[in-house]
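The values are calculated or read from the model by the stated rules, or taken from the named source; none is laboratory data. All values derive from a computational prediction rather than experimental measurement. Note that each Cβ is placed from the backbone with ideal geometry, even for glycine, and that neighbours are counted across all protein chains shown.
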Amino acid sequence: MSSLVSPELLDRVRERLSRTSAQPSPAMVAAAIRAEASGVLGDTDLLDALQVLQTELTGAGALEPLLAQSDVSDVLVTGPDQVWVDRGSGLERAPVRFADEAAVRRLAQRLALAAGRRLDDAQPWVDGRLPAAAGSGFGVRLHAVLAPLAQGGTCVSLRVLRPATQGLDALCSGGTVPAEARELLVRIVAARLAFLVVGGTGAGKTTLLAALLAEVDRRERIVCVEDAAELAPTHPHVVRLVARAPNVEGIGEVTVRQLVRQALRMRPDRIVVGEVRGGEVVDLLTALNTGHDGGAGTVHANSPEEVPARLEALAALGGLDRAALHSQLAAAVQVVLHVHRAADGRRRLAQIGVLDRDERGQVGVLPAWTPAAGSCPGADRLADLLERRGIGVGSW
């Protein structure tokens, strides 16, 4: 870059552009450069400055090409020279560098503004959603924390929200769902058994849920409620409701819990919550206990055994005590599907379990099928649930 295009000049241009709320166009950036340079820049220097500022001010700046790559799920920045991406097989270093910590901070603040949120010393973290980037489908989830809370400098985390549209056949071909489990999953959906898909972060919960919803009878109406739009099942009658965060003034929030209540009034055949992460679990269980069979959702839990405790904690946020939660859960949900992401990044269905209530009234998860053992102690209970709904158990 030319010596005439100094950091001080670029800072003055940024300050000038920050005074307008409009997204800077190339013409606006060029005009700002000319004004701040007082006419001393030649065409070559002007183009140098324009390229630097356009990269910084357009979309996600230097991170935009990474977000546009179809295999990238996460882009993480932990410092000016610490940019990482996840392509499904763990984190790897990306060949992107920022000029300094101030450049990372400016990017984080600009992205927060694009998400309709505030990020400054008085509000040093942000959680929001950006409009769809190239190839991302449903946009990008943003989280950022400023220094000094982030000791090493501003941290930016971007999760690309791609539509979950793969069917069961594709998951079988990719090894996520073993062939011997496919027919069992189809029977669970056909029997209208309510189920939860559980697993850790990035395990493929939403992908499996979308694949199963694609197996729902075409005459049924599915109402999906999500915190961030990801579900896009291949089904002719899906209504998608997406929560909304509050704006900069702190108003306008629409919660998942509110949307679950609205879904009850929309004549759903099946109610689906993309991820149960708060008090909405109370409304979902209530819905499933009032005639809405075949509902589903995902829950963040590292193993099926953790599911009851996880739901207890979420239900407490909704004002439901432990005993009431277990009573509602036992009546509302029949099946738990556990998906696991291995160290090599591969995702697979690790267990099909059924809920079982002991003599104390506490609900646990009883394995019915695993890839290693096939049928497990809970297989008879699952077979009984299927037969009660008029669905044969097949040969599994």
Next on the checklist: I'm checking my understanding of the structure. Among residues of the stretch 226-241 that are assigned to a strand (DSSP E or B) and under 29 Å from Ser89 (Cα atoms), which one is modelled with the highest pLDDT?
Outcome noted: Glu226
Item to check | Out of Leu196, Leu284, Leu209, sole residue that is surrounded by 21 or more Cβ atoms within 10 Å (Cβ to Cβ), in a helix (DSSP H, G or I) and touching a helix residue (DSSP H, G or I) at 6+ places or on another chain (Cβ under 9 Å) | outcome: Leu284
Checklist entry - Taking the stretch 304-326 as the search range and keeping residues that are touching a Gly at 6+ places or on another chain (Cβ under 7 Å) and part of a helix (DSSP H, G or I), which one is surrounded by the fewest Cβ atoms within 10 Å (Cβ to Cβ)? => result Ala323
Checklist entry - What about Leu329, is it at pLDDT below 90 and either aliphatic (A, V, I, L, M) or surrounded by 20 or more Cβ atoms within 10 Å (Cβ to Cβ) (or both)? => result no
Checklist entry - Limited to the stretch 385-396, what total is found for residues that are under 16 Å from Phe195 (Cβ atoms) and either in a helix (DSSP H, G or I) or in contact with a Pro (Cβ under 9 Å, 6 or more places away or on another chain) (or both)? => result 3
Item to check | Residues within the stretch 351-368 that are in contact (Cβ under 8 Å) with a residue 40 or more places away in the chain, out of contact with any Cys (no Cβ under 6 Å at 6 or more places or on another chain) and either hydrophobic (A, V, I, L, M, F, W, C) or in a strand (DSSP E or B) (or both), tallied | outcome: 6
Next on the checklist: So the check is Cβ under 9 Å with 6+ separation or different chains; which pairs have a first residue in the stretch 216-245 that's touching a residue at least 12 places away in the same chain (Cβ under 8 Å) and within 16 Å of Leu161 (Cα to Cα) and a second one that's exposed (fewer than 15 other Cβ atoms within 10 Å of the Cβ) and not aliphatic (A, V, I, L, M)?
Outcome noted: Val225/Gln262; Leu241/Gln262; Ala243/Glu253
Next on the checklist: For the structure I just gave you, tell me whether Ala144 is crowded, with 19+ Cβ neighbours inside 10 Å, of a type in the set (Gly, Ala, Ser) and not assigned by the TED database to the domain that holds Ala245.
Outcome noted: yes
